[in-house]
Each structure stands twice: as C-alpha cells, then as structure tokens.
Amino acid sequence: MAGESLYSALKWQVEAGADEAIGETPVDRFAEAPPTPPPAKAREATARPAPPRRATPAAAKPAEPPAAADPASQDAREIAAGAKTLEDIRAALDSFEGCPLKRTATNLVYFDGNPDARIVFVGEAPGAEEDRQGLPFVGPAGRLLDRMLAAIGLDRSDVLITNTLFWRPPGNRNPTPAEAAACLPFVERTIEIVDPKVLVMVGGTAAKTLLARPEGIMKLRGQWFEYSTPAMARPVAAMAIFHPAFLLRSPAQKRPTWRDLIEIRKHLEDSI
C-alpha cells in the first residue's frame, strides 16, 4: 500500500515536469542535528528590547545612470530582424551564442506545426522530453495541449507552436530575465513572419513576456489584448490561457480554460 502511494506521488511529479533531482544524493532532514541554542547571555541580550531610535529623513539617492542594453539582446534583435522565413530564424538560432542555456541543452527547440497557421501558441520553455526530441509540447503537458486543441476542432497541422525560450533551463527552473531577453527578438520575429489572426500565450511567463505586463496569469487569462511590434502591419488579437502543466496539477482550472478555448475558437472563426 505504501509502495503504491510512493509510486503515485512520483508519477504525479514526473507528469508535472519534475523529472530531475536537485542534488546528487538524498538528504535525510530528520537525521540532521537540531540547531545549537545560543548562550544564556546572548539570549538575554536578544530578549532585551532595543532603545527607541529617532527617525531621520533619508538622504536623497543620486540618480543612477540608465543601464546599458544587454549586448546579447542587441545582437539577437539585429540577427532576428534579418530573417525572412522561419527556417532563417532556425538557422540563426543554430549559430546564436547569446543565450547560455544553449550550452547545457541537448537540442534546439524552435517550433512545430504549420508555418502558415492562422493561430500561434507561445509557451514558456522546453521540458525534458522537448529537449530530447527537439520539438515543443511533446511531454505530458504537450499531450494535454493536443487534447485541448482537438476539443475546439484543431490539431498541430492547423496551428504553430513555439516557446519564449528555445533551450531547456536546467532542472526546468524559471528562466532569468537575461535568458528571456536574448530569445525574445526571435519570438517576436516568428510572430511577424507567420502574421497570425490570433496569438495564444500559454502560461504566465509567456503572457508577461509578450505583453510586458507585471500581472500574473490569474489576472491576465481570459482577456483579449492587442499584440503588436513596430514591424507588424496590424495588431494581433492575443489571449493568455493556463499552461497545460498547471492544469495537470490543478484540474479544477480546466473549466475556465475550456471557456477561454471556446472564445479563441469563436474569434478565429469570426476573423475568416
């Protein structure tokens, strides 16, 4: 019985994307010695209240000069701007050295689906299975995304799927701002080339990155936004939805996601 419980817990973690241990060896926290209490005098000093301090006006901080633009992001923007096709972007990413994740990843994970799609899905970052296959959304979350597409009459031949990062962060950690900034110009150029009618941002990281907004996915999902770049002839209708990996952990959120998918399908039909 205990074995089945442990197996179920492990299976749930793998399906949610936790496929690697952080340390080389397990740590038995119960075997660790309790912290040594401080000496009596130190405890007495800690317990004695400190005398009140008079508040003084804070000195004005001198204005800091604006930070210089990240060279990797600058290079990425120049390289991405020269791409005319998605294969141009793939070739540029193959030789791009401005994102350190490339050195720890197994494969470049660029896009899957139809380059002429009328709807583009942008996720967050590749996981372990995506890193092995070199394709986005092919793990447990990807299989759920396929079912979500099928529920509104779509499949991968109807859509284009990519991510805000093209290489897997070690241990599926969150990307750093520098890593996201290095990849963003290629994401933007991908959307410009495809020129879709609808843009779907899958998960909070994708939504905050592309919309440049601080709110979390709970507030951003289910709303229509206009996404545009200086190179686009017109803005694109954009909506954020919950990431399938989140839905695997929180099945109760499938109901609002279903409503979002219906709204996306309706908007796609209206734009014909």
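We did not get these values from a lab; they are worked out from the coordinates using the rules stated. Small disclaimer: the values here were computed from a predicted structure and weren't measured. With ideal geometry, Cβ positions are generated from the backbone for all residues, glycine too; neighbour counts draw on all protein chains shown.
Could you give the alpha-carbon Rg of region 176-243 over 2.2 N^0.38 Å, rounded to two decimals?
Normalised Rg, Cα atoms only: 1.06.
Could you pull the Cα extents of region 102-152 along its three principal axes, largest to smallest, in whole Å?
In descending order, the Cα extents are 37, 24, 16 Å.
Measure out, as a whole number of angstrom, how far apart the alpha-carbon centroids of region 196-235 and region 75-118 sit.
20 Å
With a Cα-only, solvent-free Debye model of region 71-270, what are the log10 I(q)/I(0) values at q = 0.16 Å⁻¹?
Debye intensities relative to I(0), on a log10 scale: -1.01.
Can you flag which of Lys102/Lys208; Lys84/Lys197; Lys102/Lys219; Lys208/Lys254; Lys84/Lys208 are past 30 Å Cα-Cα?
Those over the limit are Lys102/Lys219.
Have a look at region 225-272 and give its Rg and Dmax from the Cα atoms, expressed in angstrom.
13.7, 40
Using per-residue counts of other Cβ atoms within 10 Å, averaged over each peptide, order 240-246, 252-258 from highest down.
Output ranking for 240-246, 252-258: 240-246, 252-258.
Say a paramagnetic label sat at a point 7 Å from the Cα of His267, along Cα to Cβ; which residues of region 213-256 have their backbone N under 11 Å from it?
Zone members listed by number: 221-227, 236-241.
State, to one decimal in nm², a quarter of the convex hull surface area for the C-alpha atoms of region 157-272, i.e. the direction-averaged projected area.
Result: 8.0 nm².
Give me the net charge of Met148's neighbourhood, meaning all other residues with Cβ under 14 Å from the Cβ of Met148; Lys, Arg count +1, Asp, Glu -1.
+3
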